[in-house]
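Colleague: Before anything else, here's the structure in question.
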């Protein structure tokens with residue numbers, strides 16, 4: 001199936017070949033342009049194809065190019081760099097959102113065909129994690145920003161993660177960087193499906209949102225906000241102890257916006273250690289029946305929600321999800337959504353590894369940092385060495401054939417090269433009291449002093 005040159009890449013860096021195959025399958029230029037023409041509302045194609053814009057920005061997001069201008073120099077775009085920036089700032093938020101949804105659906109099909117999903121935390125129910133992300137302040141390149149001392153925020157968004165698939169399945173971008181998360185909840189409520197369990201932090205604990213989930217025959221595990229009033233219906237009772245603290249439960253009453261009374265379960269975890277915000281307890285509300293999930297399971301599901309923070313850290317650490325040079329909100333949010341697309345490509349790679357190596361704890365042992373580094377350093381050489389036509393058959397392959405191709409490649413991955421580096425427990429920072437008030441010291445003199453006193457060796 002592979003030519004001689006491509007076979008060498010399969011032997012040396014099969015993960016890179018997997019990603020290149022996914023790009024051909026999920027982001028094929030012709031299919032992407034057809035999708036854009038069918039979904040765009042106001043923006044249209046003149047000199048720059050949407051697929052060309054996606055390909056250019058993915059190089060920056062995946063860190064194979066340092067900037068938009070650097071990527072433009074290597075791209076085959078018959079338009080000026082000014083036109084590229086104009087196209088970027090004109091990308092509609094619905095297009096950015098729709099692209100994430102579209103690729104997530106395609107990725108889900110691939111993962112499910114490979115049987116690469118994780119075991120369900122609640123069998124028979126689909127968990128959805130909801131969290132917000134505010135883009136970091138951009139540079140002051142735009143003329144209206146040059147005189148501002150404050151950091152200009154190009155936008156914010158709500159992201160929906162599916163932990164069983166490992167995918168970012170939806171996003172709700174907002175161009176107002178100062179916008180709160182709550183006004184976006186009405187749009188989120190519209191996509192809630194029966195049987196789903198939505199897990200979120202207290203910022204999303206709004207009576208209207210909770211009742212919207214209930215009306216759609218879905219469920220929630222959401223930390224209670226201090227501003228949401230509930231009435232206890234019974235005394236608090238202890239149900240057990242978890243790794244994080246003592247777990248208690250009680251039934252409470254919540255009034256709906258329409259004045260209806262509603263009974264919920266409130267689970268309180270008295271923490272062994274304070275959170276970074278100084279909280280000593282987690283108070284969680286849920287409408288899940290106790291026959292489906294007891295209090296200990298509810299607490300564990302909420303604790304797993306902290307994996308969203310890890311996902312955002314991966315976006316920032318492994319991918320260039322927040323490009324500081326993009327000041328226009330639509331351009332910055334488009335780049336963030338492309339980072340979610342790239343995140344989903346890596347999720348398919350991890351799913352392929354789980355399916356190809358069922359006896360290995362892939363999620364616990366494989367470093368996505370090393371995986372991203374290997375792909376970033378190898379992808380350019382793969383693009384130069386292997387002709388485009390060698391990938392063409394993947395775009396038209398059946399889901400079963402494509403999944404089998406991915407699994408075959410995943411068996412060639414040397415997991416030892418991608419093994420996570422474990423570290424010991426964190427130590428408290430050493431106080432820096434010496435030489436206060438001095439601008440600098442000589443490292444050589446301090447090392448010599450340490451040797452004389454029996455300290456560290458050079």
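Please treat every number below as a calculation from the coordinates, not as lab data. Keep in mind it's a predicted model, so treat the numbers as computed, not measured. With ideal geometry, Cβ positions are generated from the backbone for all residues, glycine too; neighbour counts draw on all protein chains shown.
Colleague: Under 20 Å from a point 7 Å along the Cα-to-Cβ line of residue 191: which residues of the range 122-144 have their amide N that close?
Modeller: Taking a point 7 Å out along Cα→Cβ of residue 191, the residues of the range 122-144 whose backbone N falls under 20 Å are 125-135.
Colleague: In the set (1) 62, 56, 55; (2) 73, 70, 57; (3) 68, 43, 40, which value of Cα extents along the principal axes in Å was calculated from the structure you see?
Modeller: From the options (1) 62, 56, 55; (2) 73, 70, 57; (3) 68, 43, 40, the structure gives (2).
Colleague: Any chance you could run the full-extension gain for residue 242 through residue 451? It's 0.36 nm times the residue separation minus the Cα-Cα distance, nm to one decimal.
Modeller: 70.5 nm
Colleague: Once R0 is set to 60 Å, what does the formula 1/(1 + (r/R0)^6) return for the Cβ-Cβ distance between residue 11 and residue 306, expressed as a FRET efficiency to the nearest 0.05?
Modeller: 0.95
Colleague: How much of the pair distance distribution for the range 351-429 lies past 22 Å, counting alpha-carbon pairs only, in percent?
Modeller: 42 percent
Colleague: Which FRET efficiency value, to the nearest 0.05, is calculated for residue 415 and residue 384 with the Förster distance at 30 angstrom and r the Cβ-Cβ distance?
Modeller: Once rounded, the FRET efficiency stands at 0.65.
Colleague: Under a crude label model (7 Å from the Cα following the beta-carbon direction), how far is residue 179 from residue 143 in nanometres?
Modeller: 2.6 nm
Colleague: Would you mind ranking 364, 255, 131 so that the residue whose beta carbon has the fewest other beta carbons within 10 Å leads the list?
Modeller: Neighbour counts put them in this order, fewest first: 364, 255, 131.
Colleague: How far apart, in nm, are the 7 Å Cα→Cβ label points at residue 86 and residue 112?
Modeller: It is 4.3 nm.
Colleague: Between residue 263 and residue 442, what length in nm is gained on full extension when 0.36 nm per residue of separation is reduced by their alpha carbon distance?
Modeller: 57.7 nm
Colleague: Is the range 54-158 rounded, prolate or oblate when judged by the Cα gyration tensor, a ≥ b ≥ c being the square roots of its eigenvalues, rounded requiring a/c under 1.5 and prolate requiring a/b larger than b/c?
Modeller: oblate
Colleague: Now for a separate question. Which of 87, 445, 12, 427 has the fewest other C-beta atoms within 10 Å, and how do the rest follow up to the most?
Modeller: By the 10 Å Cβ count, ascending, the order reads 427, 445, 12, 87.
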